[in-house]
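First the structure, in the form of structure tokens, and then the observations on it.
Throughout, read-outs are computed from the coordinates displayed, never taken from laboratory work. Small disclaimer: the values here were computed from a predicted structure and weren't measured. Positions of Cβ are backbone-derived with ideal geometry, glycine not excepted, and every protein chain shown enters the neighbour counts.
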Amino acid sequence: MEFLQITPYIAAALAVIMFGLTLNVSMYRVKLGTAQGDKAKYPFQDGNDEGLKHRIRAFGNFTEYTPFCLIMLGLLELNQAPTYLVWGLGIAFALGR
């Protein structure tokens, strides 16, 4: 049985990025609500605020593309692609986020 050696590290780095994006959206929701007198005013909606819309879209983009990228990296690694290629693609994707 083969084990992935590189992909889990890339996945962990991407999880840290995802946590940052989550905090970015959540903290902006609180900031926006506080400015309008109700911290819990925007739990689901964007309040037609462009800043919040951009943050939500950045998080959405991340969650749409990251799983596919990790699957592809895992398949490359399982098919014995060169180590530098797997690391390079994984790091490039993470930095692009």
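In the chain, a dipole from Cβ-located charges (positive for Lys and Arg, negative for Asp and Glu) runs towards its positive end, and of ALA15, PRO82, LEU52 it is LEU52 whose Cα lies farthest in that direction. By how many degrees, 0 to 90 and rounded to 10, does the Cα axis of helix 50-78 deviate from the longest principal axis of the chain? The two axes meet at around 10 degrees.
Compared with the dominant Cα axis of the chain, that is its longest principal axis, helix 83-96 is turned about 10°.
Annotation: peptides 80-91, 23-34, ranked by per-residue average of other Cβ atoms within 10 Å with the highest first, follow the order 23-34, 80-91.
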